[in-house]
1. If you count only protein heavy atoms with a 1.4 Å probe, what accessible area per residue comes out for the stretch 2-81, rounded to a whole Å²?
2. Using the Karplus equation 6.51 cos²θ - 1.76 cosθ + 1.60 (θ = phi - 60°), what ³J(HN,Hα) coupling, rounded to whole Hz, does each residue of the stretch 105-111 give in order, writing x for Gly and Pro?
3. How high is the FRET efficiency from Ala80 to Asp31, r the C-beta distance, R0 22 Å, rounded to 0.05?
4. Largest first and in whole Å, what are the equivalent-ellipsoid semi-axes of the stretch 1-91 based on the Cα gyration tensor, each being the root of 5 times an eigenvalue?
5. In whole percent, how big is the carbon plus sulfur part of the accessible area of the stretch 53-117, probe 1.4 Å, protein atoms only?
6. Tell me, what ³J(HN,Hα) does each residue in the stretch 5-13 have, in order and in whole Hz, if you take phi through Karplus 6.51 cos²θ - 1.76 cosθ + 1.60 with θ = phi - 60° and put x for Gly and Pro?
7. In the chain, which longest range has no trypsin sites (Lys or Arg not before Pro) that are both DSSP loop (not H, G, I, E or B) and surrounded by at most 16 other Cβ atoms within 10 Å?
8. Treat each spin label as a single point 7 Å out from the Cα along the C-beta direction, and report the Thr8 to Tyr24 distance in nm.
Amino acid sequence: MAGFAVITLGTVLTFTVLVPDFGYSTSSASDLLLGTLGAVISGLAGGLVAAWLAANHPLRHAAALAIPIALDTATIIAKAGPESDPLWFDLAGSATLLVSGLVGGYFVATKRLARPDRLDRS
């Protein structure tokens, strides 16, 4: 849940401070790029936190971010009205967060595998 909290904080800051009124039809190309960058950074940070806090199987913990991300996406889609962004836009945003989170988890997992065992002093 800490990883999802980081993602939530990052996306809220991105879409209220950096790119307010973010949307497919309401944003310029540069705003869409900044919003995407903010989502990637938020996802990476969330995946890093989820994996770093995991005692075992860091990549699985980063992958578990899919559950709250899917619930959040389902809520957004359920509340969508005629003036909302296209479905593919919301799904692409969620996929961006999930893939970025997995990459963050992968960084932690590979770092842990590369680290020699501290107890083995041969």
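The values are calculated or read from the model by the stated rules, or taken from the named source; none is laboratory data. These figures come from a predicted structure and were not determined experimentally. Glycine also receives a Cβ, built like all others from the backbone with ideal geometry; neighbour counts cover every protein chain displayed. Quick note on the areas: whole protein, heavy atoms, side chains included, nothing else; ligands and nucleic acids left out. Shrake-Rupley method; radii C 1.70, N 1.55, O 1.52, S 1.80 Å.
1. For the stretch 2-81, the solvent-accessible area averages 57 Å² per residue.
2. x, 5, 4, 5, 4, 5, 5
3. Given R0 = 22 Å and the Cβ-Cβ separation, E is 0.60.
4. Values: eigenvalues 134, 49, 18 Å².
Ellipsoid half-lengths, sorted descending, are 26, 16, 9 Å.
5. 68 percent
6. With the stated coefficients, the stretch 5-13 comes to 4, 5, 4, 4, 4, x, 6, 4, 5 Hz.
7. Formally, the longest exposed-site-free interval is 1-78.
8. 2.6 nm
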